[in-house]
1. Looking at the stretch 81-138, which of the residues that are in contact with a Gly (Cβ under 8 Å, 6 or more places away or on another chain) and of a type in the set (D, E, K, R) is nearest to GLY57 (Cα to Cα)?
2. Looking only at residues in the stretch 39-58 that are touching a Leu at 6+ places or on another chain (Cβ under 8 Å) and either farther than 24 Å from TYR127 by Cα or modelled with pLDDT of 95 or more (or both), which one is surrounded by the most Cβ atoms within 10 Å (Cβ to Cβ)?
3. So which of LEU91, LEU42, LEU55, LEU32 ends up being within 30 Å of GLU147 (Cβ to Cβ) and of a type outside the set (Val, Ile, Thr)?
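The values are calculated or read from the model by the stated rules, or taken from the named source; none is laboratory data. Just so you know, these numbers come straight off a predicted model, no measurement behind them. Neighbour counts run over all protein chains shown; Cβ positions are idealised from the backbone, glycine included.
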Amino acid sequence: MPVGRWSLWRNRRADDRSNDEARSERRARQLLQRYGVVFRDLLGREQMSPSWRSLLGVYRRLEARGEIRGGRFIDGFVGEQFALPQAVDTLRAGRRNETGQGPVIVSAADPLNLLGILSPGARLSPYSNQAIAYENGIAIGSGLLGELRSQLQHASAPQPG
């Protein structure tokens with residue numbers, strides 16, 4: 001009868017490799033669900049993201065399977081870009097429909113706070129209690145939510161005279 005502590009030996013390297021690949025694929029899909037279109041510069045705000053190199057392998061496999069699309073979807077950024085088919089359709093529809101929908105306010109803590117990463121200007125900390133106003137994809141103001149709403153209402157109010 002065996003005595004003492006014992007355990008079954010496994011090939012941990014093979015297990016670790018498959019776990020890392022599964023973790024990278026889950027994270028790659030999460031980024032696609034969050035942004036719709038993913039490229040290297042977009043990961044500037046992501047802290048726990050795998051390296052672009054490992055994500056690139058996952059995205060190329062998903063593209064080969066026909067689950068996502070690769071190409072150039074957003075101008076002004078170098079390198080490969082990958083998008084969900086729904087995001088490509090939405091981008092095309094937005095390009096065809098050029099009527100503005102008015103300003104959209106986004107919290108600084110929202111993952112869509114890409115000020116200073118994808119758009120010009122200084123970065124706005126996600127830990128601040130501020131918000132950003134976008135109109136047609138361009139940041140038009142930032143500040144405390146109440147002040148920002150007040151500025152937008154004054155700007156949209158009809159001018160007398």
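1. Across the stretch 81-138, the extreme among qualifying residues is ARG123.
2. LEU55
3. Numbers: LEU91 fails: within 30 Å of GLU147 (Cβ to Cβ); LEU55 fails: within 30 Å of GLU147 (Cβ to Cβ); LEU32 fails: within 30 Å of GLU147 (Cβ to Cβ).
Testing whether each residue is within 30 Å of GLU147 (Cβ to Cβ) and of a type outside the set (Val, Ile, Thr) leaves just LEU42.
Rundown of residues vs (1) part of a loop (DSSP other than H, G, I, E, B); (2) surrounded by 12 or more Cβ atoms within 10 Å (Cβ to Cβ); (3) in the same structural domain as SER49 (by TED's automatic domain parsing), yes/no style:
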position	(1), (2), (3)
GLY76	yes, no, yes
LEU91	no, yes, yes
LEU112	yes, yes, no
ARG123	yes, yes, no
SER128	yes, yes, no
ALA131	no, yes, no
GLY143	no, yes, no
LEU148	no, yes, no
HIS154	no, no, no
